[in-house]
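I have placed the structure first, in the form of structure tokens, so that the comments after it can refer back to it.
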Number of protein chains: 2
Amino acid sequence: MAHPKAPTLWDRSREIAVAAILDTALRLFAEQGYDATTMAEIAKEAGISQRSLFRYFGSKEDLVCGDQDGLGRLLKDTVEAQPPDVSAWDALRAGFETIMVARHTPERVLRIATLIFSTPSLRARYVEKRLRWQADLVPAIESRMGIADAPAPDPRAPAVIAATFACADTATELWVRSGGRADVAALFDEAISAVRT
Amino acid sequence: MAHPKAPTLWDRSREIAVAAILDTALRLFAEQGYDATTMAEIAKEAGISQRSLFRYFGSKEDLVCGDQDGLGRLLKDTVEAQPPDVSAWDALRAGFETIMVARHTPERVLRIATLIFSTPSLRARYVEKRLRWQADLVPAIESRMGIADAPAPDPRAPAVIAATFACADTATELWVRSGGRADVAALFDEAISAVRT
DNA sequence: GACGGCTTGGCAGTAACTGCCAGGTTGGCG
DNA sequence: CGCCAACCTGGCAGTTACTGCCAAGCCGTC
């Protein structure tokens, strides 16, 4: 907060620590499965106390779903940054395109996504986060659809947003099931056009 | 299993017990909130041991989301029972119409739905269950869309299903937020038509 | 070199959940 | 009626995720 010019050497080592912890955690999850891996195990393997592990990542699920938060903001910013004459659908499409490109290395994303899509509790957490993104997008999409703040609640904007997310999730799931070989963007477009006809 | 003619008096008292436990649980949730209510508290209030409470309901979330399972089967059966010339969309619509009517008393449904939609962990669990319903519906919808079992995975049927669920959830959420005064079916149709145009 | 701020680690505690075992209830059979 | 097997119940201990608390250590500053 104080000085953006002060990475303070703590922040730096913190970032390194976070990355290292994340690596060991994902490795253990891959080796033994998510549920069979305990936080105590991860802490020991990473060489830190259990208490600090929980300070870095508020929950076990955050080890996997934590970096989703950044994508949510990115999606919202991208959608809102589209020129006003871009339709709601196209704005959302542009947003998803951005966060698909923003993914670090495809291999890492595939590993994480596979974990999420094959672990019910993680999948639930993942969906829950995306529900919050959807709520954040409603104002931007409503204005793009020419919907004024009416007295009666209007389902149109939330429905379009939710349907777009549904298409993105469908595409992602098939991408995961193909082992990363399918083309996510193409699947997404196919899904959208199937819904809109 | 043995005799369907043997309610065995155990099953009967079990049903009564389940209903009574459910009532006290929902009452406590309404009074103190879901997270602030412990299973120990519910067990004590219901006059059974904590161990038995967990035998009746496998988890705390099942106290609220447990009876969803029946609706999933009902939805699937209704969709599959539609005549073959009914389109995928209309078949899904008929299915949702059925489970909307199948709701017990609207007040009870409203109480439960309000709880689910205002408690993130319950909402996540709820969505997770519905994700499994969606997977069950894919074959029926694919055949209705004239999609043969192809070598390449096809996103169209899952996308249509997921979009329909998204519309249903949107309608339900607005219905909950209106305190049960809005017309769910009308909201659902508005949502669908907004998505499909 | 002492001080204040920040981090870390251990410890105890809570709450959801599970396995195990003893004890009581129910239902069928002689 | 008596007995046995099947079943359910309750309590107990244990696991795991997660939290608050407090002492100990590290870092930059005066």
### Task
May I ask you to compute the full-extension gain from A:Ile48 to A:Asp136, defined as 0.36 nm times their residue separation minus their alpha-carbon distance, rounded to one decimal in nm?
28.1 nm
### Query
How many Cβ atoms of partner chains, on average, are near each residue of A:185-195 if near means within 10 Å of its Cβ?
5
### Task
With springs only between Cα atoms under 10 Å apart, run a GNM on chain A and tell me which of A:Ala152, A:Ala185, A:Ala20 wobbles the most.
A:Ala152
## Note on the structure
Inter-copy distances for A:Glu31, label 7 Å out on the Cα-Cβ vector, sorted ascending, nm, one decimal, are 4.9
### Query
Which distances in nm, rounded to one decimal and ordered from shortest, link the label point of B:Arg177 to the equivalent label points in the other identical copies, with labels set 7 Å from Cα toward Cβ?
3.2
### Summary
Per residue of B:126-133, other chain Cβ atoms within 10 Å number on average 4
### Task
Kindly tabulate the residues in the range A:141-157 with an accessible-area decrease of at least 20 Å² between the chain alone and the assembly of all protein chains, using a probe of 1.4 Å.
A:Pro153, A:Pro155, A:Arg156
### Task
Work from the charge dipole of the protein assembly as shown (Cβ charges, +1 for Lys and Arg, -1 for Asp and Glu, about the Cα centre) and give the residue of B:Pro120, B:Pro83, A:Gln50 farthest towards its positive end.
A:Gln50
### Task
Would you work out which of B:Met145, A:Ala150, A:Trp175 lies farthest towards the positive end of the dipole of the protein assembly as shown? Charges go on Cβ: Lys and Arg +1, Asp and Glu -1.
A:Trp175
#### Entry: For the range A:7-63, alpha-carbon Rg relative to the globular expectation (2.2 N^0.38 Å, N residues)
1.10
### Task
Enumerate the whole-percent occupancy of each 10 Å bin, from 0 to the last occupied one, for all C-alpha pair distances of the protein assembly as shown.
4, 19, 28, 27, 17, 5, 1, 0
#### Entry: Buried accessible area, chains B and A (both chains, 1.4 Å probe, Å² to nearest 100)
2300 Å²
### Task
Would you mind telling me which residue in B:Thr105, B:Thr170, B:Thr24 has the biggest mean-square fluctuation in a Gaussian network model of chain B, where springs connect alpha carbons within a distance under 10 angstrom?
B:Thr105
### Query
Which pairs in the list B:Lys60/B:Lys129; A:Lys76/A:Lys129; A:Lys60/A:Lys129; A:Lys44/A:Lys129 are over 21 Å apart, alpha-carbon to alpha-carbon?
A:Lys44/A:Lys129
## Note on the structure
In the range A:84-165, the trypsin sites (Lys or Arg not before Pro) that sit in a DSSP loop and have at most 16 other Cβ atoms within 10 Å of their own Cβ are A:Arg103
### Query
Measuring from the lowest to the highest alpha carbon on each principal axis, how far does chain B reach, largest first, in angstroms?
55, 46, 30
### Query
Most fluctuating residue of B:Val18, B:Val160, B:Val79 in a GNM of chain B with Cα springs under 10 Å: which is it?
B:Val18
### Task
Tally up the carbon and sulfur contribution to the accessible surface of the protein assembly as shown as a whole percent, 1.4 Å probe, everything protein left in place.
56 percent
### Task
Only helices at least 24 Å long along their axis, Cα-based, and averaging -0.5 or more on Kyte-Doolittle count here, so list those DSSP H runs from chain B.
B:10-32, B:156-177
### Task
Report, in deg cm²/dmol and to the nearest 500, the calculated mean residue ellipticity at 222 nm for chain A, where each DSSP H run with n ≥ 4 adds -39500 (n - 2.57) and the sum is divided by the residue count.
-23500 deg cm²/dmol
### Query
Along the positive direction of the dipole of the protein assembly as shown (beta-carbon charges: Lys, Arg +1; Asp, Glu -1; about the Cα centre), which of A:Val195, A:Gln68, B:Leu26 reaches farthest?
B:Leu26
### Task
Provide an ascending nm list, one decimal, of label-point separations from B:Phe54 to the equivalent residue in each further copy; define each label point as 7 Å from Cα along Cα→Cβ.
1.9
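The values are calculated or read from the model by the stated rules, or taken from the named source; none is laboratory data. Remember, it's a predicted structure, so these values are computed and weren't measured experimentally. Quick reminder, even Gly has a Cβ in these numbers, built from the backbone with ideal geometry, and neighbours come from all protein chains shown. Keep in mind that these areas ignore ligands, DNA and RNA; they rest on the heavy atoms of the full protein, side chains included. Shrake-Rupley method; radii C 1.70, N 1.55, O 1.52, S 1.80 Å.
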